[in-house]
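Structure record follows, encoded as structure tokens.
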Amino acid sequence: MGALSLGFALSLLLALSLPGSAGAQDTRFFRIGTGSAAGTYFPIGSIIAGAISSPPGSRSCEEGGSCGVPGMIAVAQTTNGSVQNIQLIASKQAESGFSQADVAYWAFYGEGMFAKSGRHPELRAVANLYPELVHIVVRKYSGILGIADLAGRRVSLGAQGSGTRLDASAIMAAYGLKADDYEAVREQPGKSADLLREGEIDAFFVVGGMPFPAIEDLAQRSEVLLLPIDGEQASDLVANHPFFVQAKIPDGIYVHVPGVDTLSVGAQWLASAELDADLVYGITRALWHENTRRLLSGGSADGRRISMETALQGIAIPLHEGAARYYREIGMLK
């Protein structure tokens, strides 16, 4: 569905950009940076992009057509994830993007991996979407039963530009593993799953919704386990990193894979402060329209976790003026 939505939007964009195309001057294009095609950001982003779009000439919401922003076409773009999405927003190569709550916080305040490159004061939040859980995947009979067993192993921490890398490094350090205690690999989730199945790596980290597509596919083809994040180390991580929340991956989420205790962070939708407030107000209203709710509920398990009740949960950077106006209007903000 995501690929079809992207293809449709791109073809429509091309058609409307041709000389003499009707509505070309009245059309506004809006880019949403998501994640890899094997992750959870892209399919969610594709659904949201379709829901907030309302191309010129389409039927009105009242007539059964789109309930998005009139004259706007949104497109979900595949990216490396949170860090790259923030960079795309900062460089104006995307109007908005998804990010883990921790990465958004570090970027806005210039901490963590942004300490050297500097803060991004232009970032604004539109909404908190759903919880993302830390997955650490190993082969079932590898002899790796805990994070401490990853010493001397080949571990994929996530792709360059992903929030997973930051969290993975912090988690490894909490269990006493410094960077030179293991061989770090930097790959996308889908590639990491292939490498684990082929025996080229011993473990990989993913921070994402559940079930995470690449892990779900891997579990159906190979025997794998998830490593727990628990005990004093988990408590210390939560105490030292306020964006972490203790969570659990239940039994049965992945076929033949027992559930484990883990950590989670929020997946949030960010935009540039420079975006017009009326536009962001319209996008926020379209996000929480009942028609969008139905599309998200029917699209994936993570879509069903997106709820108005948690729209402002865990947001540690300023809201966009347009989004804040909507939340005040419906009584969620004073």
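The values are calculated or read from the model by the stated rules, or taken from the named source; none is laboratory data. Just so it is clear, the model here is predicted, and its values are computed rather than measured. Note: ideal-geometry Cβ built from the backbone for every residue, glycine included; neighbour counts use all protein chains shown. Note: areas computed on protein heavy atoms with side chains; ligands, DNA, RNA excluded. Shrake-Rupley method; radii C 1.70, N 1.55, O 1.52, S 1.80 Å.
Measuring between their Cα centroids, segment 272-334 and segment 189-205 lie 35 Å from each other.
What are the trypsin sites (Lys or Arg not before Pro) within segment 22-118 that DSSP puts in a loop, where the Cβ has at most 14 other Cβ atoms within 10 Å? Answer by residue number: 59, 92, 116. Looking at segment 53-94, the accessible area is 43 square angstrom per residue; that uses a 1.4 Å probe and ignores ligands, DNA and RNA. Given the choices (1) 1.15; (2) 0.93; (3) 0.99, Rg/Rh (Cα atoms, Kirkwood Rh) derived from the coordinates of this structure is entry (3). Across segment 93-104, computed HN-Hα scalar couplings (Karplus, 6.51 cos²θ - 1.76 cosθ + 1.60, θ = phi - 60°) run 8, 8, 7, 7, x, 8, 8, 5, 4, 5, 5, 4 Hz from first to last residue, x flagging Gly and Pro. Only Cα sites of segment 16-138 enter the Debye sum here, all with the same form factor; the resulting log10 I(q)/I(0) across q = 0.13, 0.16, 0.19, 0.20 1/Å is -0.62, -0.85, -1.06, -1.12, listed in q order.
Once you reduce segment 113-172 and segment 222-265 to the center of their Cα atoms, the two points are 12 Å from each other. With a 1.4 Å probe and all protein chains left in place, how much of the accessible area of the chain comes from carbon and sulfur atoms, in whole percent? Carbon and sulfur together cover 52 percent of it. For residue 185, the residues whose amide H sits under 5 Å from its own are 155, 156, 157, ignoring neighbours fewer than 5 places away on the same chain, with H placed 1.01 Å from N. Straight-line cross-link reach from residue 140 at under 24 Å between alpha-carbon atoms covers these lysines, not counting any fewer than eight positions away in the same chain: 191, 248. Over the chain, dividing the summed -39,500 (n - 2.57) contributions of all DSSP H runs of at least 4 residues by the number of residues returns a 222 nm mean residue ellipticity of -10500 deg cm²/dmol. Using the Cβ-Cβ distance between residue 309 and residue 116 with R0 = 41 Å, the FRET efficiency computed as 1/(1 + (r/R0)^6) comes to roughly 0.60. Backbone phi angles across segment 226-232, fed through the Karplus curve with coefficients 6.51, -1.76 and 1.60 (θ = phi - 60°), yield HN-Hα couplings of 10, 8, x, 10, 8, x, 4 Hz in residue order; Gly and Pro are listed as x.
Across 312, 263, the residue with the most accessible area heads the list, and the full order at a 1.4 Å probe is 312, 263.
What FRET efficiency do you get for residue 321 and residue 160 if R0 is 41 Å and r is their Cβ-Cβ distance, rounded to the nearest 0.05? Given R0 = 41 Å and the Cβ-Cβ separation, E is 0.80.
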